[in-house]
Amino acid sequence: MEHEEILHRCFRCGYCKLPGNYVDINCPAYLAFRFETYSPGGRMWLLRAWLDEKISASERFAEIMFSCATCGNCVEHCAFPEFRDRLLLAFTAGKEALLDAGQVPAPVRDYLTKIQLHGNPYGKSVKKSGQWLDGLDVALFSDQEHLFFIDDVGTYDPRGQEIARSVVTLLQKAGISFGIITDAMNSDGNDVKAMGETALFEDLAEKNIKVLNKLNVKKIITLSPHSLNALKNDYPALGGQYQVFHYTQVLAFAMAGLTFSDKEPEAKIAYHDPCYLGRHNTDYESARMILRSVPGVTLVEMDRNRNNALCCGGGGGNFFTDILSGGDETSARVRVREAVDAGAEILAVACPMCAVMLEDAVKAENLDDRIQVLEVSEIVRQRF
Amino acid sequence: MKSIKFNPDLCVNCETIDCLMKCQYVTFSDIAEAREEKLKINDGKDSRVLHECLTCYSCQEYCPYDNNPFFLLVERQEEKGVLPAPKPIVEEQLRMMAPKGRITKQAVSGPVVDMCAFPMLTGCVRGKLFEGASTIVGTDIFCNIMWLHFAKNSTIRERVPQMIDNIMSFYLKDSDTNELVCFHDECYGTYTSVADAYGIEVPFKPIHQFDYYNQRLDILKDHIKPINAKIVYQRPCSNRLCPQTDQVLDEIFEKIGAERVPRKYDRENALCCGGVPRAHQRDELADELVEKNINDMLSVGATYCVFNCPFCMATLGQEVAEQGLMPILVSDLVQIALGE
Amino acid sequence: MTTDLINRLAKIVGPGFVSGEAEERYLYSMDPGTMPAAAPDAVVMPANTEEVQQVILLANELKVPIVPMGAGLVLSGLTRALRGGIIVDMKRMNHIIEVNPQSRYAVVEGGASQGMLKSYLKKHHPQLKHSMPDAPPIATMAGNVCIHGSGHLSVLGGSHSDMLTGMEVVLPSGEIIRTGSCSVSGEWFARSPLPDLSGLFVGWAGTTGIVTRLGIKLFPSYKHNDVLIFVAEDADLMPEIISRLTSTQVAEDMTPWMSPKPAWAKGFLHINIAYGAHTKKELIFKRNLLQASVREYIDQKIAGFLPLPPPQKGRFLEIPSPDLARFADLRKGGGFEYVGALMAIEHFPQAYRAGLAIAEKFNVSYSLGSRIIGAGHCMMFFFAYAFNRADAEDVKRASDALEATNEAALKIGGIPWKAEEPAQKQIIDKMDPNTFALMDRIRSVLDPNQIMNPGNWEK
């Protein structure tokens, strides 16, 4: 297994379980399950034990490994410099080894199978990937400055589609030059890679790169931070070299060109940093810049923000596999409670997965009358 | 061992004994007393000056004959075992700053900027001001002038030639330049004033950071956006070894639209930042120096407190910032004016 | 039997919070130190005192051992299930119940972490702080108090057990009892003036009950904080230096350290002295008092304060400091353990020399140091050895060095702190027999079925 030489170096000191300000548990899997086994240190020691044949590749071990939301909190807060950079890589390698050993939780297997067969986890035909447009007038990509890349959730999930339409409308209003592809793109593969299915990820990426290169795409705006991460950090090694931005990174610099209504509603808004925009790509400011420039918005911060943000629990494929769901202490439910405690009326998100996860959590917590989850573009558009 | 370049006759015939009479930290009842103490030092006898000296280098600048009074004083301190700081403190620092032998050959091209032992400052070398620059840094090229504060001329004699050799053989020899831009003017002082007085050969041409900035500003004059701000300047001890560069700094400030507001403790009357007295276990004196400096700065009304020496900035920066002045290095101020 | 146990535990805490699976049994069988594995039959995570009580009653019924565990960071293997049974992982009980700012105490649950309380106080009571140990922030307060831990306010307030104001405990027989003022008035301000029953649960390595709540003292949090590092070369001077520095009653924390790494520090003896003040003027006054106390050594040039510009002080003021955990990576092997021996301060030179000799003899990577407890009343002298977990010989070497250190500490007159099971036997061998007999009698009263962490404090 790749990175196996570092597994024993984990001291299990537990800095990885907490944010930098120690407010509360910040590892989604450990928060939900609470057994030491589900903490990053527990995973490191169990992987070592498995390789040493002290434990076997059981169903539970697989659940422990695949419950990791790849949020990167452990990487951010581990006390050991350099070593920490390899924590998530080791977990991914562990998952890959479990896949090779044939021990995979059923929902993970289903997720990967659907992607293998259809190019997306919804089992829909790629040819119909433009249905999210729902009558919107958006040009297909030809020679525009940017390609707008929509992830699986934005393409196929009803709530994700709303967000995709919202962002498209806003980019148009801001005068950004972009086009879309409606019949050829596969899943970005970010979460497939995080699950250790490297070969499938490479297959997805290579197919996408072929389409992108054929269309001579140079600059890409992504709807999802997960896509940003894959396209920006993983595609170059496979021949896909583009300038990649999350849409908030483009919009932040176009806000001055937007005009707002005089009757904008006042609102206290807390921004939830998506892991793949924040910790994985260290952008904590673009979305805040946008929100700060919207009239009527008062930004409040949750105790856990920026590099200390608590993940919604949807990363690492958990959005689709639901391994982390159930119980009162799922990170999405804890997160919406935290937003209410911070005095927010709106919880702003910048990722379609976070939007769905946190909206479900608001319902589960019966907080519908206290807080609303809105995507950043929706907050901006409400105030035109 | 080469002795310090020094002519005792110049002191015997000196009319002013400025080296001691101008001293801000050791006081004398009259010139006769100062002369007596100076001659004691020259003759290798014990003098209270050896014990009371703050090691601020100022007498190097005050001496009208460039007769190296400070270097001689340090020589005498070491000969007589007069330790300005406790032995374990000196010993630990000697180890901390010792060459580690971790240096490796690195291709560099001009301008080559010597960052001394301040790796955390290499980020300062950026933008148009340092376009195309290479940096070198680490304890293997540390200028070692700090040992003047600790009665350790022997360490300077031992380590400086080694550092010079490292700079040449690992960097400059195979490069396209024979010039070394000294980001820290302690380095410049070492490779000019100290090297000359101690008889150490320097095979490259040291360039003071101010001379470098001044020339670059001429080249980049179309990019300058005057900052139009009042500044106060904290002149460091090391600048006493190259006082001519203070005028160059004036030219720089003028070019970037910074008004160097006159303050009591500037130029020849500059006051120590307080860092070295703390190493000498004289914290109460250090507190007094900090307070005097800060009050003096505040009394003239300025936006920036500009530092030449990173150590002065580390010592005073936090206090300066708490008082509402922005602490900044000369290079960063210049870069602001260049729109960076 | 195990299936029955799991099912019955699941009825108490819910199926999600009990496990007899191989993964949990493996991971909970050891801690990051050198002690050999001892696996439990089950791990259970109760949510409240009543669930703890139910678990203990079940254990009594089934005659199954119970091992309480906080964060499991003790390093000396005290949370291993030496005779199998149930490990009670307390970390779901991590609530901060109450902070009394006027009488300066906090009441927390048995699984509440140091980091969470620090964070809570910073947000809600910035004028207050509690004494953090050097353990990572996930370490629990109850665990640390129960082992007589110490921390960043120990010069000011003594050991963490001295800062204890009361407890709620589930006894081995299942009764829930309270100690200290909360047993009478409902407020948690002090252990006095009652018979001090808290002593029945502190230092017993979990053999007398499970702490479900505790009250701890809080202290003023200062706006201005500083650290001085005093450096000397002669170990024989250290007791007097410590005596003089503590006599000023200014320091919050004093931690001597002697380490071969970084290389510049080898052979020198350092004392980090942390102190704080409400104003800068007060801070300088305190610094001057500290400096004046050791001026004689400075004037002789045989010791002095390391000059540290303000930006360099930050890492020494970080509480807790991750540098401590980083020691585990010294041999790129994820392990360290230490003997921390409580001893009289005059034994500092002996302890230092013994540590150097043992490190040399066993060829282990070491770090030596201590924490002063109280105003120079005693110290916890630590001998820490790093090891490579993947190298069995290296682990053995560290383990042997630890055993030799325990012997040396006892010989000097010290007592190993949070002693491993073998070291407990070494202590018992030196203990007044009547004292040990009393310990045994107390336990037989409290724990007639001998279910509480058996294997500890036994001959």
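The values are calculated or read from the model by the stated rules, or taken from the named source; none is laboratory data. Computed from a predicted model, the values in this text were never measured in an experiment. No Cβ is skipped: glycine too gets one built from the backbone with ideal geometry, and neighbour counts run over all protein chains shown.
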*Could you look through region B:90-145, keep only residues that are among the basic types (Lys, Arg) and within 14 Å of another protein chain (Cβ to nearest Cβ), and pick out the one that is nearest to B:PHE170 (Cα to Cα)?*
B:ARG102
*Of all residues making up region B:287-340, the number that are among the aromatic types (Phe, Trp, Tyr) and under 18 Å from the mean Cα position of the chain (by Cα)*: 2
*Got at least one residue in region A:240-255 being modelled with pLDDT of 95 or more, assigned to a strand (DSSP E or B) and over 21 Å from the mean Cα position of the chain (by Cα)?*
no
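Tell me the residue from A:LEU140, A:LEU89, A:LEU136 that is aliphatic (A, V, I, L, M), surrounded by fewer than 20 Cβ atoms within 10 Å (Cβ to Cβ) and within 25 Å of A:LEU310 (Cβ to Cβ), please. Write out each step before concluding.
Values: A:LEU140 fails: within 25 Å of A:LEU310 (Cβ to Cβ); A:LEU136 fails: within 25 Å of A:LEU310 (Cβ to Cβ).
One residue alone meets the criteria, A:LEU89.
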*Could you count how many residues in region C:37-58 are surrounded by fewer than 24 Cβ atoms within 10 Å (Cβ to Cβ), within 16 Å of C:ASN449 (Cα to Cα) and in contact (Cβ under 8 Å) with a residue 60 or more places away in the chain?*
2
*Select from region B:47-89 the residues that are more than 14 Å from chain C (Cβ to nearest Cβ) and among the hydroxyl-bearing types (Ser, Thr, Tyr) and write down the one among them that is nearest to B:PHE28 (Cα to Cα).*
B:SER47
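Restricting the search to region B:4-46, which residues are among the small types (Gly, Ala, Ser) and touching a residue at least 12 places away in the same chain (Cβ under 8 Å)? I'd like the intermediate steps shown before the answer.
Going residue by residue through region B:4-46, those that are among the small types (Gly, Ala, Ser) are B:29, B:32, B:34, B:44.
Once the filter is applied, which keeps residues that are among the small types (Gly, Ala, Ser) and touching a residue at least 12 places away in the same chain (Cβ under 8 Å), region B:4-46 yields B:ALA34, B:GLY44.
Show me the strands (runs of 3 or more DSSP E) found entirely inside region C:220-299 where at least 1 residues are modelled with pLDDT of 95 or more and closer than 19 Å to C:HIS377 by Cβ. First the steps, then the outcome.
Values: elements: C:224-232, C:253-258, C:269-277.
Output list reads C:253-258, C:269-277.
Residue check: is C:MET132 more than 11 Å from every other protein chain (Cβ to nearest Cβ), touching a residue at least 40 places away in the same chain (Cβ under 8 Å) and assigned to a loop (DSSP other than H, G, I, E, B)?
no
For region C:19-36, give me each residue that is under 18 Å from the mean Cα position of the chain (by Cα) and within 7 Å of chain A (Cβ to nearest Cβ).
C:PRO32
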*Is at least one residue of region C:340-347 away from chain B (no Cβ under 14 Å) and of a type in the set (Val, Ile, Thr)?*
yes
*Can you run down the residue pairs with Cβ atoms below 6 Å, 6 or more apart or on separate chains, where the first is in region C:178-201 and free of Cβ contacts under 8 Å to residues at least 60 places away in the same chain and the partner is of a type in the set (Lys, Arg)?*
C:GLY180/C:ARG191; C:SER198/C:ARG191
*asked:* As an exercise: evaluate C:GLN102 against (1) in a loop (DSSP other than H, G, I, E, B); (2) in contact (Cβ under 8 Å) with a residue 12 or more places away in the chain and give the number of the one condition it does not meet.
replied: (2)
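Go through C:ALA357, C:ALA325 for me and flag whichever is surrounded by fewer than 23 Cβ atoms within 10 Å (Cβ to Cβ), among the hydrophobic types (A, V, I, L, M, F, W, C) and away from chain B (no Cβ under 14 Å).
Exactly one of C:ALA357, C:ALA325 is surrounded by fewer than 23 Cβ atoms within 10 Å (Cβ to Cβ), among the hydrophobic types (A, V, I, L, M, F, W, C) and away from chain B (no Cβ under 14 Å), namely C:ALA357.
If we keep just the residues of region C:259-282 that are of a type in the set (A, V, I, L, M) and either touching a Gly at 6+ places or on another chain (Cβ under 6 Å) or touching a residue at least 60 places away in the same chain (Cβ under 8 Å) (or both), which is farthest from C:VAL364 (Cα to Cα)? Show your work before the answer.
Initial filter on region C:259-282 (of a type in the set (A, V, I, L, M)): C:263, C:265, C:269, C:271, C:273-274, C:277.
From what's left, either touching a Gly at 6+ places or on another chain (Cβ under 6 Å) or touching a residue at least 60 places away in the same chain (Cβ under 8 Å) (or both): C:269, C:274.
On the way: C:LEU269: 19, C:ALA274: 30 Å.
Taking the candidates together, the pick is C:ALA274.
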*Which residues, counting only those in region B:297-321, are in contact with a helix residue (DSSP H, G or I) (Cβ under 9 Å, 6 or more places away or on another chain) and surrounded by fewer than 16 Cβ atoms within 10 Å (Cβ to Cβ)?*
B:GLN318
*Please give the number of the condition A:ALA90 fails out of (1) touching a helix residue (DSSP H, G or I) at 6+ places or on another chain (Cβ under 9 Å); (2) over 25 Å from A:MET44 (Cβ atoms).*
(2)
*For A:ALA62, work out the one condition from (1) at the interface with chain C (Cβ under 8 Å from one of its Cβ atoms); (2) among the small types (Gly, Ala, Ser); (3) farther than 14 Å from C:LEU27 by Cα it doesn't fulfil.*
(1)
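For region A:20-60, which residues satisfy the criterion of being assigned to a loop (DSSP other than H, G, I, E, B), without any contact (Cβ under 8 Å) to a residue 24 or more places away in the chain, of a type in the set (Ser, Thr, Tyr) and buried (at least 21 other Cβ atoms within 10 Å of the Cβ)? Working first, answer last.
First pass over region A:20-60, keeping only residues assigned to a loop (DSSP other than H, G, I, E, B): A:20-27, A:34-35, A:39, A:52-58.
Now drop any that are not without any contact (Cβ under 8 Å) to a residue 24 or more places away in the chain, which leaves A:22, A:25, A:35, A:52-56.
Imposing the further condition that a residue be of a type in the set (Ser, Thr, Tyr) reduces the set to A:22, A:56.
Correct list: A:TYR22 only.
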*Which ones in region A:61-82 are part of a helix (DSSP H, G or I) and hydrophobic (A, V, I, L, M, F, W, C)?*
A:PHE61, A:ALA62, A:ILE64, A:MET65, A:PHE66, A:CYS74, A:VAL75
*So which residues in region A:344-378 are polar (S, T, N, Q) and under 22 Å from A:SER227 (Cβ atoms)?*
A:SER377
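Table: residues versus (1) within 19 Å of the chain's Cα centre (by Cα); (2) surrounded by 18 or more Cβ atoms within 10 Å (Cβ to Cβ); (3) assigned by TED's automatic domain parsing to the domain that holds A:ARG60.
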{"site": "A:PRO274", "(1), (2), (3)": "yes, yes, no"}
{"site": "A:LEU291", "(1), (2), (3)": "no, yes, no"}
{"site": "A:GLY296", "(1), (2), (3)": "no, no, no"}
{"site": "A:CYS312", "(1), (2), (3)": "yes, yes, no"}
{"site": "A:ASN318", "(1), (2), (3)": "yes, yes, no"}
{"site": "A:ASP341", "(1), (2), (3)": "no, no, no"}
*Which of the residues spanning region A:173-201 are of a type in the set (Asp, Glu), in contact with an Asp or Glu (Cβ under 9 Å, 6 or more places away or on another chain) and free of Cβ contacts under 8 Å to residues at least 60 places away in the same chain?*
A:ASP188
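Which fully enclosed strands (runs of 3 or more DSSP E) of region B:108-214 have 2 or more residues being farther than 20 Å from B:VAL248 by Cβ and at pLDDT 95 or above?
On the way: elements: B:112-114, B:134-136, B:179-182, B:205-208.
Here the list reads B:134-136.
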*Within region B:261-285, work out how many residues are assigned to a loop (DSSP other than H, G, I, E, B), under 26 Å from B:LEU83 (Cα atoms) and more than 9 Å from chain C (Cβ to nearest Cβ).*
6
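For every residue, the table says whether it meets (1) assigned by TED's automatic domain parsing to the domain that holds A:ARG34; (2) in contact with a helix residue (DSSP H, G or I) (Cβ under 9 Å, 6 or more places away or on another chain); (3) closer than 24 Å to A:GLY240 by Cβ; (4) not in a helix (DSSP H, G or I).
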residue	(1), (2), (3), (4)
A:ARG84	yes, yes, no, no
A:GLY94	yes, yes, no, no
A:ASP100	yes, no, no, no
A:VAL153	no, yes, yes, no
A:ALA164	no, yes, yes, no
A:LEU170	no, yes, no, no
*Scan region C:224-233 and give yes if some residue there is touching a Leu at 6+ places or on another chain (Cβ under 8 Å), within 14 Å of another protein chain (Cβ to nearest Cβ) and over 18 Å from B:ASP283 (Cα atoms), otherwise no.*
yes
